[in-house]
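Student: Provided herewith is a single structure, encoded as structure tokens, for subsequent inquiry.
The values are calculated or read from the model by the stated rules, or taken from the named source; none is laboratory data. This is a predicted model, so every value here is computed, not measured. Note: ideal-geometry Cβ built from the backbone for every residue, glycine included; neighbour counts use all protein chains shown. Calculation scope for accessible area: heavy atoms of the full protein, side chains included, ligands and nucleic acids excluded. Shrake-Rupley method; radii C 1.70, N 1.55, O 1.52, S 1.80 Å.
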Amino acid sequence: MPVLVPIRRALWAWVLASLTLAAHAAPRKVIVDQDAFGPGGSDMQSLLMALQAPDVEVLGITVVSGDGWRDEEIQHTLRLLEEAKRTDVKVYPGEVYPLVNTQKRTLAWEKLYGRLVFKGAWTETWPANEGRNSPYHADPFLVPPLAEGAPAIHAENESAVAFMIRMVHKYPGEVTILALGPLSDVAMAARLDPQFASLVKELVFMGGSFNPKAADNAFSAEYVNAPRLEFNMHWDAEAASIVLHEPWRRITQVPVDPTTATLFKPEYIKQVGQGSAPFDAYLGKWGQVFPMWDELAVAVWLDPTLATRSATLMEDVDVSFTAGYGNTLSWAPDVAPDMGEDKVNVVLEVNVPKFERLALDLLSRPKAATP
């Protein structure tokens, strides 16, 4: 019996040491690549969740065209950072255009294969009863007056792609890329630096679609008759195909499928609007009743236990100028074409109540301390 006492003491000392190390562990490094359309909505709220998360260091926000044009999105992002009192986080301009796709090409596709419900920056008219806080314009470099007011701060001169490459070389194996919009920036980084993908700790992206259950909102018309169609992949299908053939250490995908069970309800807008975070009045004013597309991708990265059903698939995106352009292509690992596809951890279902609690907590709490 006396022999056990020192063993127990040693074990307890090891446990305490482990807890101490965990408490002082380095924050998780992340770059958030976002088509940051605003004010309010899923794009903005996902950024705030990453900024508010404990033990997370947002190295920078890179902005790519998609839901809106890059330059306008940058201004929305800068204004958000002012509202959040996080002007320490810098913003980097990403790609303005898809690698191949264009507005005229999309219009030609629609004449052949049917009208798209949502085309991002090319959407002339939004679905009925769906809010839009910024007007349509075809000029990618026009920044109309912002509904939430113009920011006083400015974006960095360094490009998003150069910033991403620089960070993964500075912190090899430590940086996660949270890609929440089209994959144009990520594809360009991979092509300019052949080591890029292998230096990233993990790629987490929101996009793609498999067999989603139709949600009760106008945007469900995008996939109800075309279940493999999803905007982020369709906007820049060639970029998505490139990214899915890179040698990543780990890829996690949050497609449309699990997001259809989520909705940022009016009562949630009211709840966060009365919160104690510095940006909560902003959310209360500009919040939108949308599925929580990008918030879910951030949440799954923060807490992987949110996923209740996942699958490991090999993937590509259709780049043929056919009815399937931009569609998600997938195979079980043992029957994939073996043309360089990588294994993707696909999140198909999540614990929605647990996710909502996490999101609302992050969007309502006082400002997180800067790591």
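Student: How would the stretch 172-302 be classified by its alpha-carbon gyration tensor: rounded, prolate or oblate, with rounded meaning a/c under 1.5 and the a/b versus b/c comparison settling the rest?
Tutor: Note, shape of the stretch 172-302 comes out oblate.
Student: Taking square-rooted eigenvalues a ≥ b ≥ c of the alpha carbon gyration tensor, is the stretch 202-278 rounded, prolate or oblate, where a/c under 1.5 means rounded and, failing that, a/b exceeding b/c means prolate?
Tutor: oblate
Student: Roughly what angle does helix 160-170 make with the longest principal axis of the chain, taking Cα atoms, 0 to 90 degrees, to the nearest 10?
Tutor: 20
Student: Using per-residue counts of other Cβ atoms within 10 Å, averaged over each peptide, order 151-158, 231-238 from highest down.
Tutor: On the way: 151-158: 13.1, 231-238: 27.1.
Ranking, from highest mean packing down: 231-238, 151-158.
Student: Past 26 Å, Cα to Cα: identify those pairs from 85/285; 29/90; 90/354; 90/265, in the order given.
Tutor: Beyond 26 Å: 90/354; 90/265.
Student: Would you kindly find the accessible area of residue 329, with a 1.4 Å probe and non-protein molecules such as ligands, DNA and RNA excluded, rounding to the nearest 10 Å²?
Tutor: 60
Student: Taking amide hydrogens as modeled 1.01 Å from N in the peptide plane, which residues meet the under 5 Å criterion relative to residue 348, leaving out close sequence neighbours?
Tutor: Correct list: 309, 310, 311.
Student: Taking amide H positions as placed in the peptide plane 1.01 Å from N, state which residues far from residue 56 in sequence (5 or more) or on other chains have amide H under 5 Å from it.
Tutor: Under 5 Å from the amide H of residue 56: 28.
Student: On C-alpha positions alone, give me the angle between the axis of helix 42-52 and the longest principal axis of the chain, in degrees, nearest 10.
Tutor: 20
Student: Next question, about the same structure. Compute the acute angle (0 to 90°) between the alpha-carbon long axis of helix 4-23 and the principal axis of greatest extent of the alpha-carbon atoms of the chain; round to the nearest 10°.
Tutor: Once rounded, one gets 30 degrees.
Student: Semi-axes of the equivalent ellipsoid of the chain: what are they in whole Å, largest first, if each equals the square root of 5 times a C-alpha gyration tensor eigenvalue?
Tutor: They are 33, 26, 21 Å, listed largest first.
Student: Further, regarding this structure: Sorted from largest down, give the three principal axis spans of the alpha carbons of the stretch 77-199, whole angstrom values.
Tutor: So the extents along the principal axes, rounded to whole Å, are 46, 37, 23.
Student: Could you check how much of the accessible area of the stretch 218-371 is carbon and sulfur, as a whole percent, using a 1.4 Å probe?
Tutor: Working: 3350 of 6170 Å².
Of all accessible area on the stretch 218-371, carbon and sulfur atoms account for 54 percent.
Student: Work out the charge dipole of the stretch 301-358 with +1 on the Cβ of Lys and Arg and -1 on the Cβ of Asp and Glu about the Cα centre, then indicate which of 348, 324, 305 is farthest towards its positive end.
Tutor: Of the options given, the answer is 305.
Student: Antiparallel versus total DSSP beta bridges in the chain: what percent is that, nearest 5?
Tutor: Numbers: 11 of 36 bridges.
Of the beta bridges lying entirely in the chain, close to 30 percent run antiparallel.
Student: Can you give me the accessible area per residue for the stretch 252-307, using a 1.4 Å probe, in Å²?
Tutor: 34
Student: Here is a follow-up. Which value, in Å² rounded to 10, gives the accessible area of residue 109 with a 1.4 Å probe and all protein chains present?
Tutor: About 20 Å², ignoring ligands and nucleic acids.
Student: Okay, moving on. Ordering 148, 349, 73 by how much accessible area each has at a 1.4 Å probe, largest first, what is the list? Can you show the working numbers first?
Tutor: Details: 148 20, 349 80, 73 0 Å².
Largest to smallest exposure gives the sequence 349, 148, 73.
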